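Novice: Here it is, the structure in full.
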Amino acid sequence: MRAVVIVLGVLLVLGIILGGKAASVNNQLVTQREAVRAAWAQVDVALQRRADLIPNLVETVKGFASQERAVFEQVAQARAALLNARTPGEKIAANQGLDTAIGRLLMLVENYPQLRSNENFLRLQDELAGTENRIAVERRKYNEAVQRYNTTLGLFPNNLFAGFLGFQRIDDYFRTEPGARTAPQVKF
């Protein structure tokens, strides 16, 4: 009888310890998952700001470069894809397309020296540059939040509880495109 009480007591203490650890892991992962969502929201705000600026930039450039219709259409299509994307993965992919289209638009600008000196264009270009910097910062913060969450999720003994509690890895990271590491050629 006494042995049964001791065994039950040990099992009860073990259950309390495991339950406490599960609650702790759950709270930690919930906090980090919410940090990932908040970081994503900041990325989304920065991407929306850029999407809102682009029509103004395109209209300014159009006034000077009306025959370059294909570039404008690519920018418009890439912007529409970004605005229609719903999941972080879709938005990351659409954002990469928009990066490429904006790059083409800015290369077009190099062919029109009078445009580069236009005050409205310069202001828009500064706004776009500032927005691009904000996006880069928010992307970094988002990737760091995802990395913290995934690391916490994978650590022992968290990984034992995480699956049971319904937590899953997040693999929607911002990555560079394959050609992004090649330095652009600048010609004067």
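The values are calculated or read from the model by the stated rules, or taken from the named source; none is laboratory data. Keep in mind that this is a model prediction, so the values were computed, not measured. Here the Cβ positions follow ideal geometry from the backbone for every residue, glycine too, while neighbour counts run over all protein chains shown.
Each row is one residue, and each column tells you yes or no for (1) surrounded by 10 or more Cβ atoms within 10 Å (Cβ to Cβ); (2) at pLDDT 90 or above; (3) assigned to a loop (DSSP other than H, G, I, E, B); (4) among the aliphatic types (A, V, I, L, M).
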site: GLU138; (1), (2), (3), (4): yes, no, no, no
site: LEU160; (1), (2), (3), (4): yes, no, no, yes
site: ILE170; (1), (2), (3), (4): yes, no, yes, yes
site: PHE188; (1), (2), (3), (4): no, no, yes, no
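Novice: Also, I was wondering about something else. So, in the stretch 63-81, of the ones that are at pLDDT below 85 and aliphatic (A, V, I, L, M), which residue ends up surrounded by the most Cβ atoms within 10 Å (Cβ to Cβ)?
Specialist: VAL75
Novice: On to the next question. For PHE121, indicate whether it is at pLDDT below 80 and surrounded by 19 or more Cβ atoms within 10 Å (Cβ to Cβ).
Specialist: In short, yes.
Novice: Does THR60 satisfy being at pLDDT below 80 and assigned to a helix (DSSP H, G or I)?
Specialist: yes
Novice: Specify the residue that is nearest to VAL75 (Cα to Cα); the eligible residues are those in the stretch 45-58 that are surrounded by 15 or more Cβ atoms within 10 Å (Cβ to Cβ) and charged (D, E, K, R). Explain how you work it out, then say what you get.
Specialist: Quick first cut of the stretch 45-58, residues surrounded by 15 or more Cβ atoms within 10 Å (Cβ to Cβ) only: 46-47, 49-51, 53-54, 56-58.
Still in the list and also charged (D, E, K, R): 49-50.
Numbers: ARG49: 15, ARG50: 12 Å.
Taking the candidates together, the pick is ARG50.
Novice: Something else now. Mind checking which residues of the stretch 1-55 are under 15 Å from the mean Cα position of the chain (by Cα) and either outside any helix (DSSP H, G or I) or closer than 20 Å to ARG169 by Cα (or both)?
Specialist: ARG33, GLU34, ALA35, VAL36, ARG37, ALA38, ALA39, TRP40, ALA41, VAL43
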